[in-house]
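Scroll down for the structure; my scribbles are underneath it.
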Amino acid sequence: MKAIRVEQFGDPGVLRLADVPEPRPSAGQVLVRLRAAGVNPVETYIRSGNYARKPALPYTPGSDGAGTVEAVGEGVTQFQPGDRVYTAGTLTGSYAELALCLVAQVHPLPERVSFAQGAALGVPYATACRALVQRAQAAPGETVLIHGASGGVGLAAVQLARAQGLQVWGTASTEKGRLLVLEQGAHRVFDHGARNYLEQISQAAGKSGVDVILEMAAHKNLGHDLTLLAMRGRVVVIGSRGDVEITPREAMSREADIRGMVLFNTPPEALAQIHTQLFTGLADGTLHPVIAEEYPLARAPYAHGAIMDPGAAGKIVLIP
């Protein structure tokens with residue numbers, strides 16, 4: 001079968017299309033024939049070698065994908081060949097024609113959801129759900145500010161927040177991105193490239209402040225976030241690329257919380273709850289992943305460059 005292989009850590013050029021043996025499922029495993037594979041920023045960090053968790057070389061990148069069940073191992077009764085599924089984690093990597101998964105990494109994909117959309121679920125939607133529902137414990141009627149709302153995680157958070165009855169605000173750096181965020185359900189959107197955008201958010205919030213902030217770039221924004229929070233507000237740090245200086249009194253005066261999260265730390269029972277909630281939202285149409293670009297598998301190096309460009313407007317997927 002065809003798969004992307006990484007023989008050494010480095011720039012996107014280390015992603016090479018290769019022929020590899022087809023995997024076979026053992027007990028408790030599911031083999032999925034992939035129709036699409038999701039590309040996530042974390043995969044660029046791993047590929048570069050600048051990530052805490054490094055796979056053994058050589059490896060095939062990717063955890064997110066969607067397709068049909070090709071075969072199941074002994075003891076697997078939840079799925080059968082032909083079932084439409086999406087993956088949230090794999091044993092062999094999703095940038096490939098086939099991926100071997102543990103049964104807990106495979107989830108049903110409703111008929112109304114395309115394979116490309118299914119490939120956009122694993123990391124982005126699970127991250128958004130973990131951040132908004134489980135870490136922030138956002139409640140209906142509260143105001144949530146989503147920094148970087150036009151990216152994969154951001155759009156997922158917009159849809160989830162709107163479905164749960166929150167007042168949804170987002171930021172994006174391009175007009176295209178801001179329009180997309182509004183189309184997906186945000187009540188307000190701000191240009192985080194504008195000099196006075198923090199002042200605009202503060203004026204919109206008034207004395208009440210913002211209850212929850214989902215932060216994709218804490219190295220830039222965390223210090224400012226604390227000044228926007230309501231009493232007992234929460235910032236959930238989803239992403240950061242460096243250090244940041246904050247004024248602790250801003251948190252003290254508001255009795256505010258800074259809550260970090262990494263999806264890989266989510267306990268199994270919490271992950272199961274997330275994917276149950278996602279299936280419900282997909283089935284009833286409240287969740288609908290937005291696909292920005294589809295590229296053939298061989299263009300994985302280009303996709304790794306594109307996903308790190310500013311001005312995201314949806315999800316990038318690879319088509320095996």
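The values are calculated or read from the model by the stated rules, or taken from the named source; none is laboratory data. The structure displayed is predicted, hence computed values, not measured ones. Virtual Cβ from ideal backbone geometry, glycine too; neighbours counted across all protein chains shown.
Data table
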| read-out | value |
| --- | --- |
| Qualifying strands (runs of 3 or more DSSP E) (wholly inside the stretch 1-56; at least 3 residues being more than 21 Å from Val123 (Cβ to Cβ)) | 15-19 |
| So Gly118, is it at pLDDT below 95, over 18 Å from Ala270 (Cα atoms) and crowded, with 24+ Cβ neighbours inside 10 Å | no |
| Count of the stretch 84-114 residues which are free of Cβ contacts under 8 Å to residues at least 60 places away in the same chain, buried (at least 17 other Cβ atoms within 10 Å of the Cβ) and over 27 Å from Leu17 (Cα atoms) | 0 |
| Single residue of Pro41, Pro55, Pro61 found to be in contact with a Ser or Thr (Cβ under 9 Å, 6 or more places away or on another chain) and in the same structural domain as Thr92 (by TED's automatic domain parsing) | Pro61 |
| Yes/no for Ala66 being surrounded by fewer than 20 Cβ atoms within 10 Å (Cβ to Cβ) and touching a Leu at 6+ places or on another chain (Cβ under 9 Å) | no |
| Wholly within the stretch 103-174, helices (runs of 4 or more DSSP H) carrying at least 2 residues that are under 30 Å from Arg84 (Cβ atoms) and among the β-branched types (Val, Ile, Thr) | 122-129, 152-163 |
| Residues of the stretch 75-91 classified as in a loop (DSSP other than H, G, I, E, B), at negative phi and within 20 Å of the chain's Cα centre (by Cα), total | 2 |
| Flag if Ala218 is touching a Ser or Thr at 6+ places or on another chain (Cβ under 7 Å) and either of a type outside the set (Phe, Trp, Tyr) or under 20 Å from Leu132 (Cα atoms) (or both) | yes |
